[in-house]
Amino acid sequence: MSRSVLERLFDFLDHAHTSWHAAARMAHHLRQAGYIALDERAVWGLEPGGRYYTTRDDGALIAFQLPKGAVKAIRMIGAHTDSPHLRLKPSPFIITRDWVALGIEVYGGALLAPWFDRDLGIAGRVLLASPEGKCETRLVDSRRPVAVVPSLAIHLDREANKGKTLNPQTQMNAILGSAGNAPRDITALVEQLLAAQGESLGDRRVIEFELGLYDCQPAARVGIDGELFASARLDNLLSCFCGLEALLQSDGEQAVMFVANDHEEVGSGSPGGAQGTFLDDVLTRIHAAVGDGTPEGRIRLIQHSCMMSCDNAHGLHPNFLDRHDAGHAPALNGGPVIKYNANQRYATTSRTAGLFKQLCVKAGVPVQAFSTRADMGCGSTIGPLTATALGIATLDVGLPQWAMHSIRETAGSEDPGYLIKALVEYCNASDEALL
């Protein structure tokens with residue numbers, strides 16, 4: 001018996017503690033589905049009807065299926081693998097009286113207060129070198145709580161509940177353990193992280209590392225009837241999950257591509273980010289292999305194609321109703337949200353929004369709209385960056401959630417199934433049905 005959508009989603013969320021682990025988990029599911037791994041440094045032998053995926057810098061992934069006939073249009077789904085979190089500094093160890101603490105810097109626009117008093121694990125990637133000088137990257141994960149950022153008692157700070165500014169440099173060091181037992185250098189810490197996975201450092205040396213803290217509380221249904229669910233990193237692993245599910249559930253008759261960029265939360269300016277060349281490079285190789293190989297043919301292919309950029313939306317918060325425009329206040333469990341912005345912070349146009357609405361009607365899925373208040377600023381996502389770089393018709397869409405950028409976020413239990421159904425309809429759409 002197949003597992004429910006939420007069961008599969010929770011399994012993914014509970015294994016994807018970093019962008020690198022998220023990409024690795026998606027690659028695992030793609031291999032299970034028969035997708036072939038491609039190395040960007042090797043020659044690609046793409047064939048009609050083939051299913052492939054490739055990764056860049058461990059945290060970005062692109063998967064695609066090719067039709068048996070000519071590729072006239074590609075149905076693209078975009079998302080991003082990274083989430084705001086606390087990242088360990090290059091020299092993180094701080095000895096304070098009886099305790100070993102870890103110095104952090106904030107990755108992305110994180111809500112800081114919810115990080116206090118949580119059971120925190122450590123995960124990331126490390127670069128190891130053998131005695132012969134051969135280097136390899138390993139993903140590591142403590143798989144249990146090993147640190148905490150403790151609050152100061154209200155008795156010692158009577159102003160704590162009056163909206164005080166938090167200082168991540170001085171007030172958010174994560175306590176790792178007692179000075180007599182806790183690791184005091186990166187080698188000792190990596191040894192423990194590897195041991196948690198049943199591995200050993202052996203005679204290898206730790207050359208470099210990128211490690212961050214994460215909330216160990218697993219994803220769970222919430223609400224008297226389970227109508228909500230909560231987890232870390234819903235922004236934007238929820239979209240990654242829905243996009244990958246849609247690709248794997250599609251009928252395989254059309255050209256479909258799933259793009260999971262990294263570093264969206266810090267501006268997308270990286271080799272695997274939406275401002276990098278990852279998507280453009282993959283499209284160039286696809287066109288060379290199964291297109292007509294000409295520059296004009298490549299432009300025609302892109303202009304026949306479409307990108308559904310999926311990133312979560314701000315659901316109407318019952319405690320802060322005034323933070324939404326009353327006519328554009330998406331409800332949790334109300335279906336996917338089309339995101340509009342007159343200043344192109346979202347790439348949605350009337351054409352792309354109309355296409356998505358038609359797909360939702362065919363799929364039997366409700367659809368909503370979000371536009372920020374005219375007196376408030378608006379965030380952005382990978383949609384405008386991709387549209388600008390490629391000149392491709394793009395829609396920005398997402399599922400409504402609460403507490404975006406918190407250590408633990410909340411969404412509606414019905415919504416992942418809605419978005420997957422709409423995206424499957426998109427994946428299976430004929431060339432003529434696209435823009």
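In the full protein context, region 203-361 carries 42 Å² of accessible surface per residue, based on a 1.4 Å probe and ignoring ligands, DNA and RNA. Based on alpha-carbon atoms, the Kirkwood radius and the radius of gyration of region 140-193 give Rg/Rh equal to 1.09.
Among rounded, prolate and oblate, which fits region 21-69 when a ≥ b ≥ c are the square roots of the eigenvalues of its C-alpha gyration tensor, a/c under 1.5 means rounded, and a/b larger than b/c means prolate? It is oblate, given that a/c is not under 1.5 and a/b is not larger than b/c. Note that the chain shows a convex hull volume over its alpha carbon atoms of 162 Å³ per residue. Ligands, DNA and RNA are left out, and with a 1.4 angstrom probe the accessible area of region 71-150 is 43 Å² per residue. Taking the Cα centre of the chain as reference, the dipole from Cβ charges on Lys and Arg (+1) and Asp and Glu (-1) amounts to some 140 debye. Per-residue ellipticity at 222 nm computed for the chain from its helices equals -8000 deg cm²/dmol, with DSSP H segments shorter than 4 residues left out and the rest contributing -39,500 (n - 2.57). Site pair His304 and Glu136 shows an inter-label distance of 4.4 nm when each label is modelled 7 Å from Cα along Cα→Cβ. Among the protein heavy atoms of the chain, carbon and sulfur supply 51% of the accessible surface, probe 1.4 Å, non-protein parts ignored. Binning the alpha carbon pair distances of region 252-313 at 5 angstrom intervals from zero yields the distribution 4, 15, 22, 24, 18, 12, 5, 1, expressed in whole percent. On the basis of the beta-carbon distance and an R0 of 51 Å, Ser430 and Asp98 show a calculated FRET efficiency of 0.15. Judged by the gyration tensor of its Cα atoms, with axes a ≥ b ≥ c, region 205-312 is oblate; a/c meets the 1.5 cut and b/c is at least as large as a/b. Compute the Cα gyration tensor for region 304-435, then decide on rounded, prolate or oblate, letting a ≥ b ≥ c be the square roots of its eigenvalues: rounded whenever a/c is under 1.5, prolate when a/b is larger than b/c in the other cases, and oblate in all that remain. In terms of gyration-tensor shape, oblate. Distance from the Cα centroid of region 1-50 to that of region 93-151 is 25 Å (rounded to whole angstrom).
The values are calculated or read from the model by the stated rules, or taken from the named source; none is laboratory data. These numbers were taken from a predicted model, which means no experiment stands behind them. In this analysis, Cβ positions are derived from the backbone assuming ideal geometry, glycine residues included, and neighbour counts consider all displayed protein chains. Please note that ligands, DNA and RNA were not included when accessible areas were found on the heavy atoms of the full protein model with its side chains. Shrake-Rupley method; radii C 1.70, N 1.55, O 1.52, S 1.80 Å.
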